[in-house]
Amino acid sequence: MAIYHLEAKVISRSFGRSAVAASAYMSCSKILNDYDGVLHDFTRKRGLVWEHIFLPENVPQEWQERSELWNAVECAEKTKDSRLARELVVALPVELHKEQWINLLTDYVQSNFVADGMCADVAIHDTDGHNPHAHIMLTVRPLDDKGKWQYKTEKEYLCKCNGEEKGFTAAEFLLAKSQGWEKQYQYFVGKKKVYMPPSEAERHGYERVNKYPKSTKFGRQNPITAR
């Protein structure tokens, strides 16, 4: 009987890892990391049964080469603690044969990851014939319709219009503002921001002072003070 196992983790530079090294390991190949100049050679590793790159339609086709794909990821990340990729390790049923594993993985990866715009690097390992499992590496950054990397996260503003609430990204808010949407939680712009509009502050028993108090040893005081 098949035993379920799924391990999920993040490949991050903060833990001393690289996406290029992880891909070279799972594909039993040799790849040079352009980011730091390190050559990762796992060609002597055994147990590789099958490997494949799955890509959305809107990405450069040269990314079918894993060295191109993961070096593009490495070059897009500039900080020493960047999150480079997500990795899943999934146990495969020993009762199935190779073609069934491939079909199962293909359907799973295409419908759950590639359909959402992720690039996926997949490999099946089975070193002893009794522990078949798949490694799935996924890109973290979203891609636009031209295959360009986008921000990993984006702020969203909670806005209100005619009693309706809705969230907008910073770019979307420019258009929404022209349509009458206003940020629900406004703030005063000064040396310190206070996220409470005047009417809301008054309902909570606060009053707004005209000037900021002088700095203290522990920083500036709040420009809205209790009565």
Quiz item: Taking only pairs six or more apart or across chains, which ones have beta-carbon atoms under 7 Å, a first residue in the range 151-165 that is more than 13 Å from Gly180 (Cβ to Cβ), and a second residue that is basic (Lys, Arg) and part of a strand (DSSP E or B)?
Solution: Tyr157/Lys183
Quiz prompt | Failed condition for Ala19, given (1) touching a Leu at 6+ places or on another chain (Cβ under 9 Å); (2) free of Cβ contacts under 8 Å to residues at least 40 places away in the same chain | solution = (2)
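Is one or more of the residues making up the range 45-56 in a loop (DSSP other than H, G, I, E, B), of a type in the set (Lys, Arg), out of contact with any strand residue (DSSP E or B) (no Cβ under 8 Å at 6 or more places or on another chain) and touching a residue at least 12 places away in the same chain (Cβ under 8 Å)? Quick ask: steps written out before the conclusion?
Taking the range 45-56 first, the residues in a loop (DSSP other than H, G, I, E, B) are 45-47, 55-56.
From the residues that got through so far, the ones that are of a type in the set (Lys, Arg) too are 45-46.
Next, from what is left, pick out any that are out of contact with any strand residue (DSSP E or B) (no Cβ under 8 Å at 6 or more places or on another chain): 45-46.
Applying the additional criterion that residues be touching a residue at least 12 places away in the same chain (Cβ under 8 Å) yields 45-46.
Yes, there is a match, as at least one residue in the range 45-56 is in a loop (DSSP other than H, G, I, E, B), of a type in the set (Lys, Arg), out of contact with any strand residue (DSSP E or B) (no Cβ under 8 Å at 6 or more places or on another chain) and touching a residue at least 12 places away in the same chain (Cβ under 8 Å).
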Quiz item: When you scan the range 144-165, how many residues do you find that are among the small types (Gly, Ala, Ser) and more than 22 Å from Pro56 (Cα to Cα)?
Solution: 1
Quiz prompt | Residue list for the range 73-106, restricted to those being of a type in the set (Asp, Glu), modelled with pLDDT under 95 and closer than 19 Å to Asp128 by Cα | solution = Glu95
Practice problem: Could you please find all residues in the range 30-44 being among the hydrophobic types (A, V, I, L, M, F, W, C) and not in a loop (DSSP other than H, G, I, E, B)? | Solution: Ile31, Leu32, Leu39
Quiz item: Which of the following residues is closer than 15 Å to Val122 by Cα and either hydrophobic (A, V, I, L, M, F, W, C) or assigned to a loop (DSSP other than H, G, I, E, B) (or both): Val89, Val59, Val73, Val94?
Solution: Val89
Practice problem: May I ask you to verify whether Val73 is surrounded by 20 or more Cβ atoms within 10 Å (Cβ to Cβ) and in contact (Cβ under 8 Å) with a residue 60 or more places away in the chain? | Solution: yes
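When you scan the range 114-212 for strands (runs of 3 or more DSSP E) that lie fully inside it, which ones turn up with 1 or more residues that are at pLDDT below 85? Show your work before the answer.
Numbers: elements: 120-125, 133-139, 156-161, 164-169, 206-208.
It comes to 156-161, 164-169, 206-208.
The values are calculated or read from the model by the stated rules, or taken from the named source; none is laboratory data. Values in this document were obtained by computation on a predicted structure and should not be read as measured data. FYI the Cβ positions are ideal-geometry reconstructions off the backbone, even for glycines, and counts take in every protein chain you see.
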